[in-house]
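The structure under discussion appears below in the form of C-alpha cells.
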Amino acid sequence: PGFIGDRIGVAALMVGLHKALELGLTPEEADAVAGRPMGFPGTGIFGLFDLIGIDVIDLICTNLTGQLAVDDPIRPYLEMPAGVKAMLAEGLTGRKGPGGFYRQQKIDGKRVKESYDLAAGGYRPFTGTELVSAGSRRLDELLAHDDRGGRYARELLSVTLSYSAWLLPEIADDIQAVDCAMREGYSWKRGPFELIDQIG
C-alpha cells in the first residue's frame, strides 16, 4: 500500500502530531524541534501538514488504514485526533484554505502570523518557543536534552526509525532506496537509515 515516501513520511507526520499532543507541545515548539535540528524540512511537522494539506494527509491515512496489515505498528497513529477533525469540519485544511495549524492575517494593515490552539479550538498569536533543545545545532545535542523538546525528538525518531526498519523488507530492496526516497521525496536531510547510523 502507498509508496516509500507516504509509508514513512506520513507515518512520521502522524507520529509527530500525536507525540506533540501527548507532551503538550504547541505547533511552534514541535516545529522548532522537528525541523532543521532533526534534519526534517524547515516547515517542521505542523507546517508540513499545512503545506501538503491536512485534508490530503487525512485521505492518505484513511487509504493506508484500509490496506495495511492488522499487525502494522503504525496503525494506532493514523487516526486523526478529535481537534484536527474539528479543524477539517471547519474547512481548515492548510495553506490552500483559510488556514491550518498556522495562518496569516492582516490586522491594521500588518501581516500577523497566528497558530491554531487545538485545546481551545481557535487561533492565537504565534508565540515561537523558549525550548532550549530547539536551538540545538546537532542531532546528538538535540536528543541529549532533557526538556520536552528533547523528549519529543527521542519519541518521534524512535517510532519513525524503528518503523522504517520494520517496513524495509516490504517496501524496498535495499536501505539506499528508502534513504533516497525520503531525501528526495520528503526533503529530509538524511534518510532513516542514515539517521540511525548518525545516532549510533
Problem - Looking only at region 96-120, and only at residues there that are of a type in the set (Asp, Glu) and within 18 Å of Ile54 (Cβ to Cβ), the one that is least open to solvent (accessible area, probe 1.4 Å) - result: Glu114
Practice task
Just give me the residues in region 144-197 being of a type in the set (Phe, Trp, Tyr) and without any contact (Cβ under 8 Å) to a residue 40 or more places away in the chain, in sequence order.
Solution key: Phe193
Practice task
Kindly indicate the residue of region 61-85 that is open to solvent by 50 Å² or more (accessible area, probe 1.4 Å) and hydroxyl-bearing (Ser, Thr, Tyr) and also nearest to Leu118 (Cα to Cα) among those meeting that condition.
Solution key: Thr62
Fill in the blank from the handout: Checked pairs for region 34-54, first under 20 Å from Cys180 (Cα atoms), second part of a loop (DSSP other than H, G, I, E, B) and of a type in the set (Val, Ile, Thr), C-beta under 7 Å and 6 or more apart or across chains, list as Gly35/Thr43
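Give the residue, chosen from Val132, Val159, that is open to solvent by 50 Å² or more (accessible area, probe 1.4 Å), of a type in the set (Val, Ile, Thr) and under 20 Å from Leu23 (Cβ atoms).
Answer to the check: Val132.
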Handout entry: Selection status of Ala153, open to solvent by less than 40 Å² (accessible area, probe 1.4 Å), over 30 Å from Asp72 (Cβ atoms) and not in a strand (DSSP E or B)
Key = no
Practice task
Starting from residues that are part of a helix (DSSP H, G or I) and of a type in the set (D, E, K, R), keep the ones in region 135-150 and report whichever is surrounded by the most Cβ atoms within 10 Å (Cβ to Cβ).
Solution key: Arg148
Problem - Flag for Leu88 being among the hydrophobic types (A, V, I, L, M, F, W, C), assigned to a helix (DSSP H, G or I), over 30 Å from Asp197 (Cβ atoms) and open to solvent by 50 Å² or more (accessible area, probe 1.4 Å) - result: no
Fill in the blank from the handout: A careful count of residues in region 162-184 that are surrounded by fewer than 22 Cβ atoms within 10 Å (Cβ to Cβ), within 20 Å of Asp72 (Cβ to Cβ) and under 17 Å from the mean Cα position of the chain (by Cα) gives 2
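The values are calculated or read from the model by the stated rules, or taken from the named source; none is laboratory data. Just so you know, these numbers come straight off a predicted model, no measurement behind them. As a convention, Cβ positions derive from the backbone with ideal geometry for all residues, glycine included, and neighbour counts pool all protein chains shown. Calculation scope for accessible area: heavy atoms of the full protein, side chains included, ligands and nucleic acids excluded. Shrake-Rupley method; radii C 1.70, N 1.55, O 1.52, S 1.80 Å.
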